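Asks: Sharing a structure with you now.
The values are calculated or read from the model by the stated rules, or taken from the named source; none is laboratory data. Source: prediction; values computed, not measured. When we count neighbours, we look across all protein chains shown, and the Cβ atoms used for this are built from the backbone with ideal geometry, even at glycine. Remember, those area values only see protein heavy atoms, side chains included, never the ligands or the DNA or RNA. Shrake-Rupley method; radii C 1.70, N 1.55, O 1.52, S 1.80 Å.
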Amino acid sequence: MKRYVEVYKQCMYSAVQTASAYRMNFIVSSLITLIGNILFPLVTLLIYRAGTSFPGWSLYEVLLIQSVFTMSSGLSSLVFGGVMWTTMSHVREGSFEVVLLKPLNPLFYLVATTFSTESAGLFLGGAALFVFSAWHVGAIPALAWLQFAGMFIAGTAVLAGLSLMMAAMSFKWVGNSRISELADSVLSVGKYPLPIFPKAVQAAATMIIPVGMVGFLPASALLGRVQAGDFIAILPCFIFLWAGMWVYRHMIRLYEGVGG
Amino acid sequence: MNRLKHNWRICRSVAAVTYKEWSAYRTHSLVSVIVGPVYFMVQYFIWTAVYGGQATLGGLDLQQMIRYFGATALIGYLIMDFADWNLSMLVRTGKFLTFHLRPVDHRSFALFQKLGHRFLGFVFEFLPCLLIFIFIFGIDMRPASLPWTIVSVLLAFLMNFYVNYTIGLTSFWLVQSGGIRSAFMLVSGIFSGALIPLDFFPHWLQVTQLFLPFQYIAYMPAMVFTGHYSLGGLELSIPEAVGMQGAAVLVMFGCNELVRRRAMKQFTAVGA
């Protein structure tokens, strides 16, 4: 375990060093990500500016959902964001053997070596929006913060599971650079208040692919809108992460490269 | 006449080869059959909730809004383009040099490639999604005027290509134009009207859009499809709107030609 922590620390250090070697690229990429985040809730702002709303949700409450979603995406992208593209590239080029030859768990090796410093902009953009919207929704009790923390971690686990499933898919769907769009489209459900969707979609978004936990449920916890039953949805999140890891490991066994 | 025939043969050949080349990766296109309807479903429920009891928003009723998003999704499949990425890659790797040896200039070649690529998109993305929208979501996807919609989509196709190609041309100065590409995609995604109809923007921003290329790529063809165009207080009939779009495409072509001529003087590759 200690060795894995050391390796991960070393990989993080390398990623930061690489980013500082190409400072301008890092700054520009982070800035664009940051601006992208500022513009992401634009649709919501324009809807509310037009004098209408998501029924039962104020502007700042919706912004809170979207900021939690962005923070969770940033955190997941920081840690798991590069796994899919690196796996895809190795499988396409037939060089995945290089990963398999390392004296480490291949999944851990890929996660550690693809630490994505550029996603810091995504997380910081989300955090800024989070502070802004949380400031406007009124006082939040300590218990709500605790519930939020648990649900936020569960939501990040969902994103990690999705990343791993998409990465696993690239073992069979070789070289398809659009695989990530599949995850993005499903995730778009989690950016808005779940009650606007039909019951079937709500159920799927909490129990099957729990994208509701990425933005909606943690934000609802802060707003004191969660029911006791909502906490059950934490379980499928971690099952989802476990499933992502299992599928990825299973797909590694099906890899048929002939030498890198 | 012979020249025209010759050009037509080149266009047909490049488009056909691109179609065949990308047919090998047709499952890439089939991702749209899942992604497009999921995004559309999300938009459908968002706007159904937002309208609530309101009859109109931004000058559109709920049915028009749903049709608008259906149209933008489908038009997106017909005009999708990555000429900027492709050109940037050719310049960075020096492979652009080989295009100087070919009997067709690279811009025309890239345009013909796009034709072939999008024909594939028509078969594997547009048609399946159109059928899903009509038969699963029950959306009326009949355009207000089919001929004007076709003309408008063709103009949007050209506009998107010339804008992207101009972005790609910046690689002759910057070598790596990834930053500009990302920034442009971000701005274009918002101001083309693909996320939300431009009627929702503040008035001054709507007026600004009349002078920028973005609205001619998604908003205008989608509005021509719905049969009603207005922006920044300017209300136009469909033929007038398409005429304005045609003029905008000509202006963009002029800008592109200007940048292209200057870019060619910048190219310094010595081998590929």
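Asks: Tell me which residues, restricted to the range B:29-59, are in contact (Cβ under 8 Å) with a residue 24 or more places away in the chain, open to solvent by 60 Å² or more (accessible area, probe 1.4 Å) and more than 7 Å from chain A (Cβ to nearest Cβ).
Replies: Once the filter is applied, which keeps residues that are in contact (Cβ under 8 Å) with a residue 24 or more places away in the chain, open to solvent by 60 Å² or more (accessible area, probe 1.4 Å) and more than 7 Å from chain A (Cβ to nearest Cβ), the range B:29-59 yields B:30, B:44.
Asks: Just to verify a result, which residue in the range A:36-54, among those that are touching a residue at least 12 places away in the same chain (Cβ under 8 Å) and facing chain B (nearest Cβ under 7 Å), is surrounded by the most Cβ atoms within 10 Å (Cβ to Cβ)?
Replies: Ranking the qualifying residues of the range A:36-54, first place goes to A:54.
Asks: Next question, about the same structure. Return a yes/no flag: does the range A:250-260 have any residue that is under 24 Å from residue A:71 (Cα atoms), touching a residue at least 24 places away in the same chain (Cβ under 8 Å) and of a type outside the set (Gly, Ala, Ser). Step through it out loud before you land on a result.
Replies: Step one: of the range A:250-260, the residues under 24 Å from residue A:71 (Cα atoms) are none.
Among the residues of the range A:250-260, not one is under 24 Å from residue A:71 (Cα atoms), touching a residue at least 24 places away in the same chain (Cβ under 8 Å) and of a type outside the set (Gly, Ala, Ser), which makes the answer no.
Asks: Here's another thing I want to ask about it. If I ask for residues that are in a helix (DSSP H, G or I) and not aliphatic (A, V, I, L, M), which ones from the range B:208-223 would you list?
Replies: Once the filter is applied, which keeps residues that are in a helix (DSSP H, G or I) and not aliphatic (A, V, I, L, M), the range B:208-223 yields B:208, B:209, B:214, B:215, B:216, B:219, B:221.
Asks: Let me ask something additional. Please work out if residue B:91 is touching a Ser or Thr at 6+ places or on another chain (Cβ under 7 Å), away from every other protein chain (no Cβ under 14 Å) and open to solvent by less than 30 Å² (accessible area, probe 1.4 Å).
Replies: Yes; evaluated as a whole, the condition is true for this residue.
Asks: Next up: Of a type outside the set (Ser, Thr, Tyr) and either crowded, with 16+ Cβ neighbours inside 10 Å or in contact (Cβ under 8 Å) with a residue 12 or more places away in the chain (or both): does that describe residue B:71?
Replies: yes
Asks: Would you check if residue A:69 is part of a helix (DSSP H, G or I), of a type in the set (Phe, Trp, Tyr), touching a helix residue (DSSP H, G or I) at 6+ places or on another chain (Cβ under 7 Å) and at pLDDT 85 or above?
Replies: yes
Asks: Going through the range A:176-199 one residue at a time, which ones are open to solvent by 20 Å² or more (accessible area, probe 1.4 Å), outside any helix (DSSP H, G or I) and closer than 16 Å to residue A:163 by Cα?
Replies: A:177, A:178
Asks: Something else: Using the structure shown, decide if residue B:19 is in a helix (DSSP H, G or I), of a type outside the set (Asp, Glu) and within 14 Å of chain A (Cβ to nearest Cβ).
Replies: no
Asks: Search the range A:11-30 for residues that are within 14 Å of chain B (Cβ to nearest Cβ) and pair each with any residue that is surrounded by 14 or more Cβ atoms within 10 Å (Cβ to Cβ) and hydrophobic (A, V, I, L, M, F, W, C) when their beta-carbon atoms are under 7 Å apart and the residues are at least 6 apart or on different chains.
Replies: Every condition considered, the pairs that remain are A:26/A:19; A:30/A:120.
Asks: Output the qualifying pairs, or none if there are none: Cβ atoms under 8 angstrom, residues six or more apart or on different chains, first residue in the range A:164-181 and more than 9 Å from residue B:31 (Cβ to Cβ), second residue charged (D, E, K, R).
Replies: From the range A:164-181, the pairs are A:174/A:92; A:175/A:92.
Asks: May I pose another question? Taking the options A:160, A:149, A:142, A:205, name whichever one is in contact with a Gly (Cβ under 7 Å, 6 or more places away or on another chain), free of Cβ contacts under 8 Å to residues at least 60 places away in the same chain and within 29 Å of residue A:225 (Cα to Cα).
Replies: Answer to the check: A:205.
Asks: Got a number for residues in the range B:233-265 being open to solvent by 80 Å² or more (accessible area, probe 1.4 Å) and either under 15 Å from residue B:161 (Cα atoms) or in a helix (DSSP H, G or I) (or both)?
Replies: 7
Asks: Would it be correct to say that residue B:64 is open to solvent by 40 Å² or more (accessible area, probe 1.4 Å), in a loop (DSSP other than H, G, I, E, B) and either under 22 Å from residue A:184 (Cβ atoms) or among the polar types (S, T, N, Q) (or both)?
Replies: The answer is no for residue B:64.
Residue by residue, here is whether (1) surrounded by fewer than 24 Cβ atoms within 10 Å (Cβ to Cβ); (2) under 16 Å from the mean Cα position of the chain (by Cα) holds:
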| site | (1), (2) |
| --- | --- |
| A:154 | no, yes |
| A:213 | no, yes |
| A:220 | no, no |
| A:234 | yes, yes |
| A:249 | yes, no |
| A:254 | yes, no |
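Asks: Restricting to the range A:198-231, what's the tally of residues that are in contact with an Asp or Glu (Cβ under 8 Å, 6 or more places away or on another chain) and within 14 Å of another protein chain (Cβ to nearest Cβ)?
Replies: Total meeting the criteria: 0.
Asks: Right, another one. Regarding residue A:190, is this residue under 30 Å from residue A:4 (Cα atoms), among the small types (Gly, Ala, Ser) and within 14 Å of another protein chain (Cβ to nearest Cβ)?
Replies: On the way: under 30 Å from residue A:4 (Cα atoms): no; among the small types (Gly, Ala, Ser): yes; within 14 Å of another protein chain (Cβ to nearest Cβ): yes.
Judged against the criteria, residue A:190 is not a match.
Asks: Residues of the range B:206-228 being under 30 Å from residue B:90 (Cα atoms) and either facing another protein chain (nearest Cβ under 10 Å) or surrounded by fewer than 19 Cβ atoms within 10 Å (Cβ to Cβ) (or both), which ones?
Replies: If the condition is that a residue be under 30 Å from residue B:90 (Cα atoms) and either facing another protein chain (nearest Cβ under 10 Å) or surrounded by fewer than 19 Cβ atoms within 10 Å (Cβ to Cβ) (or both), then B:212 is the only one that fits.
Asks: Can you tell me which residues in the range B:166-205 are within 10 Å of chain A (Cβ to nearest Cβ) and in a loop (DSSP other than H, G, I, E, B)?
Replies: B:176, B:195, B:196, B:197, B:201, B:202
Asks: Within the range A:156-170, how many residues are more than 18 Å from residue A:238 (Cα to Cα), away from chain B (no Cβ under 12 Å) and open to solvent by 20 Å² or more (accessible area, probe 1.4 Å)?
Replies: Going through the range A:156-170 one residue at a time, the tally reaches 0.
Asks: Let me ask another. Among the residues of the range A:55-66, count how many are within 7 Å of another protein chain (Cβ to nearest Cβ) and on the phi > 0 side of the Ramachandran plot. Even if it seems obvious, please write down each step before you answer.
Replies: Initial filter on the range A:55-66 (within 7 Å of another protein chain (Cβ to nearest Cβ)): A:55.
Then drop every residue that is not on the phi > 0 side of the Ramachandran plot, which leaves none.
Number of matching residues: 0.
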